[in-house]
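The values are calculated or read from the model by the stated rules, or taken from the named source; none is laboratory data. Just so it is clear, the structure is predicted and the values come from calculations on it, not from any experiment. Quick reminder, even Gly has a Cβ in these numbers, built from the backbone with ideal geometry, and neighbours come from all protein chains shown. Just so you know, the surface numbers come from the protein's heavy atoms only, side chains and all, with ligands and any DNA or RNA stripped out. Shrake-Rupley method; radii C 1.70, N 1.55, O 1.52, S 1.80 Å.
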Amino acid sequence: MYGYQGKVLRIDLSKGVSKVEDLNLEEAKKFIGGRGLGTKLFVDEVSPSVDALSPENKILFATGPLTGTPTPTGGRYMVVTKSPLTGTIASSNSGGYWGAELKFSGYDVIIVEGRSEKPVYVMIEDDQVEIRDAAHVWGKVVSETTETLLKEVPEKSRVLTIGPAGEKLSNMAAVMNDVSRAAGRSGVGAVMGSKNLKAITVRGTNKVAIANEEALKAVVKDCNAKIRENGVTGQGLPTYGTAVLVNIINEGGVFPTNNFQLSQFSEAEDTSGELLAEKYLTKKDPCYRCPIACGRYCKVDDIEGGGPEYETIWAFGGDCGVSDMPSIIKSNFWCNEYGLDTISTGATIAAAMELYQKGFIKDEDLDGLSLDFGDSDAVVEWTKRIGQRAGFGDKMAEGSYRLADSYGVPELSMSVKKQELPAYDPRAIQGQGLQYATSNRGGCHVRGYLISPEILGLPEKLDRFTIEGKAAWVKIFQDFTAFIDSSGLCLFTSFAMGAGDYAAMTNAVIGTEWTADDVLLAGERIWNLERVFNLDAGVDPSQDTLPKRLLEDPIAEGPSKGNVARLSELLPEYYELRGWSTDGIPTQERKGLLKI
Amino acid sequence: MEFKVRLFATLRKDRGREMMVELGEEWTARAVIDQLKIDEKDVAILMINGRDGLLDTKLIEGDIVSIFPPVGGG
């Protein structure tokens, strides 16, 4: 068997036992691995109507066939479960080193089910699996938990853990690994918390068998050269990380400011990637076998750690009207420590600020802490209170949709399917707007990064204000991304590589003979599998939409002035291209064609 | 005529971040990059007043030219 280890580790926390099962190889190849295979295994075992925080929900940690191989960035894994935030399928991806180590321990996927009566962690060292007491790390932040566990597990182990936010079942809790890497979105950390599962440590000594070593050597050399020679992956990301986007996105009037009330931030330069590199960067922080090394490591005062990324800088910066980089670095640090998704946390504080601005939230609710746009110290403090669920932070920990809805104004939550939108105003980028609305995990940019053609000009430049041809671009980007997310590679490789490159790498590793078309077809199969689960879970096509503000209120000023998201014009074409009914349901014929 | 020019990322090195550039007869972004000694291959994204522009787009009085090298992320 090549590319896969052929084993699934099943851990039943209710019974306190684990067992090893054979991987169905045919199914693995059909759904690739990671996001696709994880979703297939999940939907076969779990009812779509399951309560996300009940013992009946399961949480999967899935590697791809390229995880743990010499392919560039081949260290990713995916957390798959039902999201407590959105009620949709959740699949949150992370880098670092834990994913590759899981593969080396001999398993492609871990399935965790049930619920432990008391806090536990799982120690894995090759075929030795132990469910251990975690009382001593329960309540501890991520760095302290990681340090403590590393002293009591086999040497060279890697640690995946939740922080206090996951223990306290926050809808924006992340799963963290290697201290500062996050499977951030959709509240996957709360599902671990609901099972009383604090952490999983892994250590492995198995190799991943390669079908054609010579072919792999050649294709890896070729792909590494493409990554090196590409301006984005060879220069931009290595030099500045993702934060370099702050000035670009802001310059075009696409940078949501004060909870999307504005689309340009007059003080963005003070939160730029250029400034981060000049003043706060202490080192690069690359993931397993990554030639790009976009990860940052920054220091301010006595705080030092991984990040911040572009989305994080936006969420705690412009979206909250904050132009103070030190406070953004601190908010990011506390998110990593409490195990919080930085996008949802910052965007929820921004929504709370607008609720306060408009008089819905009153001073007496706030224990003396400010909720004014631009108050940087208060944003850091709110981040901590959300992590601790302290005071009004307890209510904010539910996410912006539930917060705004509790005041009768859910439209003030800038979210899709209850998940907070990231750092691009869709009124100024029509393809990205359609992508947000149709993303299978709600508000998200990495289910299809249309910013690439619409702003960055990759693989070709599209006019961001037009809608012609955009539905087709969205479909291709979504399908292509679903494959990459399933392969075990990082999405950033796609700035430099095309579908044919992924086919060539996968072929060399697992011995298939796939073409670029097969890559896109597998991605489409995965996309439809997720869609069917969401529909069965009651997330109907009426939720393929955007916040009212973005559909109806034109951008008031700046380079994108006068535009709204033209979703109603794009959605019918998108459904048709997907082969779905006019009301957005995958047809039997399409499902048959995709073999799902 | 003088035009405001904004540079980003690596293009700022030895040039600064914002400047006024005096153009003679040819009012284009190409004339701007020539004067600032920026290689055309280092121009990945070009905006004029925050909207997509081309090197040969004719500038008009008051236009602001923003130039980015290849960058990306998310």
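Just so you know, in segment A:462-503 the residues that are of a type in the set (S, T, N, Q) and part of a helix (DSSP H, G or I) include one that is most open to solvent (accessible area, probe 1.4 Å), and it is A:494.
I need the full set of residues from segment A:439-461 which are among the aliphatic types (A, V, I, L, M) and either within 7 Å of chain B (Cβ to nearest Cβ) or part of a loop (DSSP other than H, G, I, E, B) (or both), in order please. Of everything in segment A:439-461, those that are among the aliphatic types (A, V, I, L, M) and either within 7 Å of chain B (Cβ to nearest Cβ) or part of a loop (DSSP other than H, G, I, E, B) (or both) turn out to be A:446, A:450, A:451, A:456, A:458.
Every test in (1) closer than 20 Å to residue A:420 by Cα; (2) outside any helix (DSSP H, G or I); (3) open to solvent by less than 60 Å² (accessible area, probe 1.4 Å) is passed by residue A:360 save one, and that test is (3).
Within this structure, residue A:428 passes the test of being in contact with a Ser or Thr (Cβ under 7 Å, 6 or more places away or on another chain), crowded, with 21+ Cβ neighbours inside 10 Å, among the hydrophobic types (A, V, I, L, M, F, W, C) and within 12 Å of another protein chain (Cβ to nearest Cβ). Set side by side, the residues A:506, A:515 differ, and just one is open to solvent by 30 Å² or more (accessible area, probe 1.4 Å), over 25 Å from residue A:248 (Cβ atoms) and among the hydroxyl-bearing types (Ser, Thr, Tyr), which is A:515. State whether the residues of segment A:433-443 include one that is more than 16 Å from residue A:569 (Cβ to Cβ) and aliphatic (A, V, I, L, M). Checking segment A:433-443: not a single residue is more than 16 Å from residue A:569 (Cβ to Cβ) and aliphatic (A, V, I, L, M).
Within segment A:236-268, the set of residues being among the acidic types (Asp, Glu) and away from chain B (no Cβ under 11 Å) comprises A:267 only. As a summary of the residue check, residue A:403 satisfies the conditions (1) open to solvent by 10 Å² or more (accessible area, probe 1.4 Å); (2) over 16 Å from residue A:87 (Cβ atoms) except for the one numbered (1). Give segment A:182-205 a look and list any residue that's at negative phi and assigned to a helix (DSSP H, G or I), or say none. Scanning segment A:182-205 gives A:185, A:188, A:189, A:190, A:191, A:192, A:193, A:194. Considering segment A:551-571, and only residues there that are of a type in the set (A, V, I, L, M, F, W, C) and not in a loop (DSSP other than H, G, I, E, B), the residue that is farthest from residue A:263 (Cα to Cα) turns out to be A:571.
Criterion applied to A:277, A:225, A:215 was being in contact (Cβ under 8 Å) with a residue 24 or more places away in the chain, over 28 Å from residue B:47 (Cα atoms) and aliphatic (A, V, I, L, M), and the one residue passing it is A:215. Whenever a residue of segment A:491-505 is within 14 Å of chain B (Cβ to nearest Cβ), its partners that are surrounded by fewer than 23 Cβ atoms within 10 Å (Cβ to Cβ) and basic (Lys, Arg), lying with C-beta atoms within less than 7 angstrom and at least six residues away or across chains, give the pairs A:496/A:226; A:497/A:226. Does residue A:91 qualify as being of a type in the set (Gly, Ala, Ser), in the same structural domain as residue A:192 (by TED's automatic domain parsing) and open to solvent by 30 Å² or more (accessible area, probe 1.4 Å)? When the stated conditions are applied, residue A:91 does not pass them. Residues in segment A:94-106 that are among the hydroxyl-bearing types (Ser, Thr, Tyr) and open to solvent by 10 Å² or more (accessible area, probe 1.4 Å): A:97 only.
Note on chain B: enclosed strands (runs of 3 or more DSSP E) holding 1 or more residues that are at the interface with chain A (Cβ under 7 Å from one of its Cβ atoms) and small (Gly, Ala, Ser) are B:64-68.
Within segment A:277-325, the set of residues being among the aliphatic types (A, V, I, L, M) and closer than 21 Å to residue A:381 by Cβ comprises A:300, A:303, A:313, A:315, A:322, A:325. From the list A:277, A:268, the lone residue that is open to solvent by less than 10 Å² (accessible area, probe 1.4 Å) and either touching a Ser or Thr at 6+ places or on another chain (Cβ under 9 Å) or closer than 21 Å to residue A:453 by Cα (or both) is A:268. All conditions but one from (1) more than 7 Å from every other protein chain (Cβ to nearest Cβ); (2) at pLDDT 95 or above apply to residue A:230; the one that does not is (2).
Here the condition is being buried (at least 19 other Cβ atoms within 10 Å of the Cβ) and either outside the structural domain of residue A:485 (by TED's automatic domain parsing) or aliphatic (A, V, I, L, M) (or both); of A:19, A:30, A:58, it holds for A:58 alone. Residue A:436 meets all of the listed conditions (1) open to solvent by less than 10 Å² (accessible area, probe 1.4 Å); (2) among the hydroxyl-bearing types (Ser, Thr, Tyr); (3) assigned to a loop (DSSP other than H, G, I, E, B) but one, namely (3). I'm checking my understanding of the structure. Among residues of segment A:291-304 that are under 15 Å from residue A:180 (Cβ atoms) and surrounded by 23 or more Cβ atoms within 10 Å (Cβ to Cβ), which one is nearest to the other protein chains (Cβ to nearest Cβ)? Checked segment A:291-304; the qualifying residue nearest to the other protein chains (Cβ to nearest Cβ) is A:294. Across segment A:123-167, the qualifying residues are those that are over 25 Å from the mean Cα position of the chain (by Cα), free of Cβ contacts under 8 Å to residues at least 24 places away in the same chain and closer than 20 Å to residue A:388 by Cα, and the one among them that is surrounded by the fewest Cβ atoms within 10 Å (Cβ to Cβ) is A:135.
One residue alone among A:81, A:71, A:63 is open to solvent by less than 10 Å² (accessible area, probe 1.4 Å), over 20 Å from the mean Cα position of the chain (by Cα) and either modelled with pLDDT of 95 or more or within 23 Å of residue A:3 (Cα to Cα) (or both), and that residue is A:71. Looking across segment A:314-330 at every residue that is open to solvent by 20 Å² or more (accessible area, probe 1.4 Å) and in a loop (DSSP other than H, G, I, E, B), the one that is farthest from residue A:247 (Cα to Cα) is identified as A:324.
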